[in-house]
Amino acid sequence: MKSVEVNFDGLVGPTHNYAGLSEGNVASLNNANECSNPQQAALQGLQKMKSLHDMGLVQGVFAPQERPDIYTLKRLGFQGTDEQILASAYNASPTLLAACCSASTMWTANAATVSPSADTSNNKVHFTSANLANKFHRSLEPETTHNILKRMFADEQYFEHHKHLNDNEHLGDEGAANHTRLCESYEATGLEIFTYGRTAFNHSNPAPTKYPARQTLEASQSIARLHGLAAENTVFVQQNPNVIDQGVFHNDVIAVGNQNVLLYHEQAYLNTATFKAEVASKYKADNLHLLEVTTDQVSIQDAVNTYLFNTQIVTLARGNMAIIAPTQCKENPHVSDYLHTLVEASNPINHVEFFDVNQSMKNGGGPACLRLRVALTEQELAAVNPSCILSDCLYTSLVAWVKKHYRDQLTLTDLRDPQLLTESRTALDELSQLLSLGSVYRFQR
Ligand code: SUG
């Protein structure tokens, strides 16, 4: 049975802001305290979704979460009316309030790890929401992510959902940002590659020294167990700690795969030769393209600044592949030259499309961070909540919805404005109806 890969892009939430919350993520720190434009951010994301839909791909929409997160602020001891809670949280710590207002759920590559039914022991599509335990603002996401995923993929005949791993850094899990899948075609059994930054229970292994490793081997192994993946179809590989220390906080900042193509930087992995040998021996077909980018071609700094590897490689009609890149890749001469060489060389990628997702890039999120990939058979796709699949009509409604509810500038002091909470809840209440999600937010219960 034929399968397709659906990209479920995160809609940017109404509180999108720059708070410098992610140590190790260079863009987040560099743009801290800048004024953001939530409306433009959401429209840029929608434009990318619409363009991929127009390219003939099936495109999904993933709802943002409720922010400001009043529930968490109450859990941390702030009391009174919502207005009083916002004011006292801001007085106690503007950064804490900003963390509870972050729109970071837009980066759905971090929402979960997904294994298609062709790979799993019970032939269901498996989802494990990521605990995102390394960053406080992101650790607020998993429970609602899990609930939204269950509303999007509700049919238990096809879909199995696992609760996020224990909320502890030993099991730090950042979802699909550290996971990719190679396969001959989407319906074939694939080779699932889990990349981790450190081992939690064995301190003799190398680890970064400057910035945190957000994914552990033990977390990746747990997910492979939960999803019922066979050892012969699974690879665990350690990320090079040196590149984490240069700002490669997730593997998808330095490698990207699609079907029979893996595009990666020569410094991405700790033991590249061993990794390549394992991939080559476990990948069943003989059409594999391991495309290694050298430091001479693109430096780590250029990779981090342009997000060359945070691109999406998508399969178009007749098996041609396109690379969906941020405009930063066009503006950097080394990266632009490399892309030119890439599409001219003999490999399946023969086309590049550039997108302006700058509002997201300024927080360290490129095109690939904005999407969660789910390979689905025709029957599974038919079982997905149809209101979460983009159509021309849904696109028009979402653009109108953003323009109606979103501000075009937001500073950190605005986050204490009770009116922003009201605007945000009104918008999400309407959105949950547009996407037929039911009462998925706490304020709706
Ligand atoms: O977790 N930035 C996100 C970016 C996530 C990118 N995702 C992938 N690479 N898949 C993060 O670091 C910044 C928020 C702020 O600073 O306001 C932030 O959360």
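The values are calculated or read from the model by the stated rules, or taken from the named source; none is laboratory data. Quantities reported herein were computed from a predicted structural model and do not represent experimental measurements. In this analysis, Cβ positions are derived from the backbone assuming ideal geometry, glycine residues included, and neighbour counts consider all displayed protein chains. Accessible surface areas use protein heavy atoms only, side chains included; no ligands, DNA or RNA. Shrake-Rupley method; radii C 1.70, N 1.55, O 1.52, S 1.80 Å.
Descriptive notes on the structure:
- As a ratio to 2.2 N^0.38 Å, the alpha-carbon radius of gyration computed for the chain takes the value 0.92.
- With Cα atoms, 0 to 90° folded angle of helix 38-54 axis to the chain main axis: 40
- In nm, spacing of pseudo-spin labels at Val399 and Ser346 (7 Å Cα→C-beta vector): 4.3
- Spatially proximal lysines relative to Lys330 (Cα-Cα < 19 Å; intrachain offsets below 8 disregarded): Lys48, Lys362
- Between Ala317 and Asn358, full extension at 0.36 nm per residue minus the direct alpha carbon distance yields a gain of 11.9 nm.
- With each label modelled as a point 7 angstrom along the Cα→C-beta vector, the Asp286-Lys74 pair spans 6.4 nm.
- Label zone at Arg225, where the point sits 7 Å out along the Cα-to-Cβ direction: the stretch 163-177 residues whose backbone N lies under 16 Å: 163-168, 170-173
- Summarising the strand pairing of the stretch 90-165, around 50 percent of its internal DSSP beta bridges are antiparallel.
- Each residue of the stretch 81-92 was assigned a 3J(HN,Hα) from its phi angle through the Karplus curve 6.51 cos²θ - 1.76 cosθ + 1.60 (θ = phi - 60°); the sequence is 6, 4, 4, 5, 4, 4, 5, 6, 5, 5, 5, 5 Hz, with glycine and proline shown as x.
- Contact order relative to length of the chain, as percent, for alpha carbon pairs under 8 angstrom and 6 or more apart: 24
- Centroid-to-centroid, using Cα positions, the stretch 89-118 and the stretch 184-231 are 21 Å apart.
- Shape summary of the stretch 16-154, radius of gyration then Dmax from alpha carbon positions: 17.3, 52 Å.
- Long-range Cα-Cα pairs in the stretch 363-438 (distance over 13 Å), rounded percent: 77
- Across His179, His289, the residue with the most accessible area heads the list, and the full order at a 1.4 Å probe is His289, His179.
- Length added when fully stretched, Gln409-Lys210, from 0.36 nm per residue minus Cα-Cα: 68.3 nm
- Sparse-neighbour loop sites [GluC sites (Glu not before Pro); the stretch 131-167; at most 14 other C-beta within 10 Å; DSSP]: Glu156
- GNM result for the chain, Cα springs below 10 Å: residue of Met106, Met49, Met321 fluctuating most strongly: Met321
- Calculated FRET efficiency for the pair Asn30/Asn271, C-beta based, R₀ 51 Å, to 0.05: 0.95
- Note on Asp167 and Ser185: the extension gain reaches 3.0 nm, defined as 0.36 nm multiplied by sequence separation minus the Cα-Cα distance.
- Near-label residues of the stretch 149-175 by backbone N, under 16 Å of a point 7 Å along Cα→Cβ of Ser121: 160-162
- Pairs from the list Lys135/Lys276; Lys50/Lys135; Lys74/Lys150; Lys2/Lys284 with a Cα-Cα gap above 22 Å: Lys135/Lys276; Lys50/Lys135; Lys74/Lys150.
- Directionally averaged shadow of the stretch 77-144, computed from the convex hull of its alpha-carbon atoms, nm²: 6.2
- Counting only DSSP H runs of at least 4 residues, each contributing -39500 (n - 2.57), and dividing by the residue count of the chain, the helix-based mean residue ellipticity at 222 nm comes to -9500 deg cm²/dmol.
- Set against the 2.2 N^0.38 Å expectation for a compact globular protein, the stretch 139-229 has a Cα radius of gyration ratio of 1.22.
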